[in-house]
1. Could you check the range 194-222 and list, in sequence order, the residues that are outside any strand (DSSP E or B) and either surrounded by 13 or more Cβ atoms within 10 Å (Cβ to Cβ) or of a type in the set (A, V, I, L, M) (or both)?
2. Please list, ordered by first then second residue, the pairs with beta carbon atoms under 8 Å, 6 or more apart or interchain, first in the range 64-83 and basic (Lys, Arg), second open to solvent by less than 40 Å² (accessible area, probe 1.4 Å) and at pLDDT 80 or above.
3. So residue 346 fits all but one of (1) free of Cβ contacts under 8 Å to residues at least 40 places away in the same chain; (2) within 30 Å of residue 396 (Cα to Cα); (3) in a helix (DSSP H, G or I); what number is the exception?
4. Could you look through the range 282-297, keep only residues that are assigned to a strand (DSSP E or B) and of a type outside the set (Ser, Thr, Tyr), and pick out the one that is most open to solvent (accessible area, probe 1.4 Å)?
5. Give the residues of the range 383-439 that are of a type in the set (Val, Ile, Thr) and open to solvent by less than 60 Å² (accessible area, probe 1.4 Å), sorted by residue number.
6. Give me a count of the residues in the range 176-193 that are buried (at least 21 other Cβ atoms within 10 Å of the Cβ) and either among the small types (Gly, Ala, Ser) or in a loop (DSSP other than H, G, I, E, B) (or both).
7. Count, please, the residues in the range 116-146 that happen to be within 16 Å of residue 249 (Cβ to Cβ) and in contact with a Pro (Cβ under 6 Å, 6 or more places away or on another chain).
8. Taking helices (runs of 4 or more DSSP H) that do not extend beyond the range 362-432, which have at least 1 residues that are under 27 Å from the mean Cα position of the chain (by Cα)?
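The values are calculated or read from the model by the stated rules, or taken from the named source; none is laboratory data. Note that the coordinates shown come from a computational prediction; the quantities given were computed from them, not determined experimentally. A quick note on method: Cβ atoms are made from the backbone with ideal geometry, for glycine too, and the neighbour counts reach across all protein chains shown. Heads up: the accessible areas ignore ligands, DNA and RNA and are worked out on the full protein's heavy atoms, side chains in. Shrake-Rupley method; radii C 1.70, N 1.55, O 1.52, S 1.80 Å.
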Amino acid sequence: MLDFTIESGFQAKLDWAAAFVREEVEPLDLLFPHGGDPYDTRNEKARAILRPLQEQVREQGLWACHLGPELGGPGYGQVKLALLNEILGRSYWAPTVFGTAAPDTGNAEILAMFGTDEQKARYLRPLLDGDIVSTFSMTEPQAGADPKEFVCHARREGDEWVIDGEKWFSSNARYAAFLIVMAVTDPDAPPHTRMSMFIVPSETPGIEIKRNVGTMDERDNLDEGIHAYIRYHQVRVPLDAMLGDPGEGFKVAQARLGGGRVHHAMRTVGKCTRAFDMMCERALSRRTQGTLLAEKQAAQQFIADSWVELQQFRLLVLHTAWIIDTKPHGAARTQIAMCKVQTAKVLHDVIQRALHLHGSLGTTNELPLAKWWMAAPNLALADGPTEVHRTTIAKQVLKNHRPAEGLFPSEHIPPKREAARKRYAHIIEDDSLSGRVDA
């Protein structure tokens, strides 16, 4: 039986989180608004506000909810995590306050699954405690996210691995205590077994941040970019720096990406809900041509379309989370791809309407809408381009279908009509019954 109720104890936690994010966390977005601010552990003023808030989250049992109890988390499944992330999506700082900020969440999972005891002690514990941040260094300037085109490589020399090459868009590298780097270790192997994954301390000689690239809402002249273009010059790490076995880099990467896509999607629901609330408030507050915007059909269509799309997307994400929780590993592959495809589209469409309804004010930095709107292109590319996930969906869906057996489609009417006549011939040909048959 389908059941959309939420157990009362967890609903109480969600209610607390919703009020806490609105009243305590959203102000951080205004005081420290730049993309790198939640990751800059050297900003003492920001940390002085952050630490007490994180402690309140811990007291509520909501810290690092993506982790199991053995790693200090509550062990929530994906459905509960999705519901919480819906609330966290309202604020850029909220994931950091709740210990669920990317890419640290995925990197923590990698370390938990593949790290040595020494690596866990040195990196995983302070990462889980929020004392340090990390970087996932995978994509390359000439290849984007296509691992078949990666050329950054690592070769073994004695008891060390030597990493050489470039990486592009390595988020938060300027603040990171360590980087997780994917590099080619066997160029002649099949595409998905060419690469391995390494943990590299940020102080390792040979790591050069060529520049920190600014995105649409980041200013180069103020050096606000947080996505690093990195050159690894003969970077040497010990043999045990490899996470997993040789050739398992793609496997390790996939272990962290699926859940992250669902979390991005549900946070998008939260952000879009906030934009939707702004849209409705504006429609009920602003008058033009003698009536409220809420009485204009165009505004009503904006509101209706946004609400329908938002509710459809929310159910898709929750259903995906439910499949992850209840079905074998990998069963949600198609649904995760569907979430990824829709995330940027729903974000763009809902915020575009909200922005438009606010007129010129919506385009300014006096409202958050323009900044949110500029995040849509990023979301369409993060964790793999949308087009790749559309291909995944199509391939998976087509596995459940078969080609037509004959020359014409299986829904071709003439043979189906003839089959229907044969099936009911004893009635159709009974002259004692009135009525006509068109076939």
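1. Those that are outside any strand (DSSP E or B) and either surrounded by 13 or more Cβ atoms within 10 Å (Cβ to Cβ) or of a type in the set (A, V, I, L, M) (or both): 194, 202, 204, 206, 214, 215, 216, 217, 218, 222.
2. Close Cβ pairs satisfying both conditions: 80/10; 80/65.
3. (1)
4. 287
5. Filtering the range 383-439 for residues of a type in the set (Val, Ile, Thr) gives 386, 388, 391-393, 397, 413, 427-428, 437.
Result: 386, 392, 393, 428.
6. The total comes to 3.
7. 1
8. Ranges flagged: 369-373, 376-381, 386-398.
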